[in-house]
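See below for the structure under consideration.
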Amino acid sequence: MAQREFLGSELRIKQKGVFNLEEFYKIFTRWFEINGYSVDETEYQDLSLTPEKKLLKIKWYCEKNTDEYIRFVIKPSFLITVGGKVEVEKEGVKTQLITADIEVKINYYLEKDYDEKWSTGTALSRFIRDVYDKYFIPRRLNKLRGVLINNVKAVFADMKDFMNMNRVQ
């Protein structure tokens, strides 16, 4: 079985206001793709609460293979309560936006032996993997931990900025 190493606690953003949800979705799907992650939408639920109000539950699984042994995984989830549609004029252009409460949670971890080449074999192959982890890659592993943490901090800051900049009260 692949080994998961969680590098920090879950990050959360919660914001209430008027948003362009379609733009948010496109920007952050693109953010992950530009940074080398594949994006898989593992859950999308659209629940109608009333004729105008609905609840969206969205989960993504974003992964990036650094090599044949180590993979970065970032799992953002979005809980969006849509209150209704609003027309806003910004710089002379009318735009259709939504009023919403948005909560974003981001979990992330580093995954070693993600293809399970060394985990599912014999006791000898597991021993070799443990020796490799302990003596051959600690420096590279520390560097990769830093890269993943910086990626998560960057996407978190960008989401926070987007939600504050595009918020209209």
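Readers should treat all values here as calculations from the given coordinates under stated rules, not as data from a laboratory. Because the structure is predicted, anything quoted here is derived from the model rather than measured. Neighbour counts are summed over all protein chains in view; Cβ atoms, including those assigned to glycine, are modelled from backbone coordinates with ideal geometry.
Taking amide H atoms as placed 1.01 Å from N in the peptide plane, list the residues 5 or more away in sequence, or in a different chain, whose amide H sits under 5 Å from that of Gly36.
Those qualifying (amide H under 5 Å, at least 5 residues apart or on another chain) number zero.
For the chain, modelled as a GNM with alpha-carbon contacts under 10 angstrom, which of Pro76, Pro51, Pro138 fluctuates the most?
Pro51
Taking only the alpha-carbon atoms of segment 23-169, what semi-axes of the equivalent ellipsoid follow from 5 times the gyration tensor eigenvalues under a square root, in whole Å, largest first?
In descending order the semi-axes read 41, 17, 11 Å.
List the residues whose amide H sits under 5 Å from the amide H of Lys53, counting only those 5 or more places along or on another chain, with H placed 1.01 Å from N in the peptide plane.
Residues meeting the criterion, in which the H sits 1.01 Å from N, do not exist here.
With Cβ to Cβ distances under 12 Å as the rule, what net charge do the other residues near Thr29 carry (K, R +1; D, E -1)?
That sum, taken over residues with Cβ under 12 Å, equals -3.
Take the cross-link list Lys75/Lys143; Lys54/Lys105; Lys59/Lys85; Lys53/Lys90; Lys64/Lys94; Lys54/Lys90 and give me the ones stretching past 28 Å between alpha-carbons.
Going by Cα-Cα distance, Lys64/Lys94 fall outside the 28 Å limit.
Among Lys64, Lys112, Lys26, determine the one that fluctuates most according to a GNM of the chain built with springs between C-alpha atoms less than 10 Å apart.
Most flexible of the set in this elastic network: Lys26.
Mind checking which aspartates and glutamates have their Cα closer than 14 Å to the Cα of Lys112? Skip sequence neighbours fewer than 8 apart in that chain.
Glu5, Glu63, Asp67, Glu68, Asp130, Asp133
Please report the relative contact order for segment 3-165, taking Cα pairs under 8 Å with a sequence separation of at least 6, and give it as a percent rounded to a whole number.
Once normalised by length, the contact order is 26 percent.
Sum up the charges of everything whose Cβ sits under 12 Å from the Cβ of Lys59, counting Lys and Arg as +1 and Asp and Glu as -1, but leave Lys59 out.
0
Where does the chain land at 222 nm, in deg cm²/dmol rounded to the nearest 500, when only DSSP H runs of n ≥ 4 count, each adding -39500 (n - 2.57), divided by all residues?
Taken over the chain, the calculation gives -10000 deg cm²/dmol.
Would you look at the GNM of the chain, springs on alpha carbons closer than 10 Å, and say which of Lys143, Lys105, Lys54 moves the most?
Lys143
Apply the Karplus parameterisation 6.51 cos²θ - 1.76 cosθ + 1.60, with θ equal to phi minus 60°, to every residue of segment 158-163 and state each ³J(HN,Hα) to the nearest whole Hz, in sequence, with x for glycine and proline.
So the Karplus estimates, Gly and Pro as x, are 5, 5, 4, 4, 4, 5 Hz.
When Lys and Arg each count +1 and Asp and Glu each count -1, what net charge do the other residues less than 11 Å away from Glu10, Cβ to Cβ, add up to?
Taking every Cβ under 11 Å from that of Glu10, the sum is +3.
Distance from the Cα centre of segment 31-84 to that of segment 116-137, in angstrom?
If we compute the Cα centre of each part, the gap is 32 Å.
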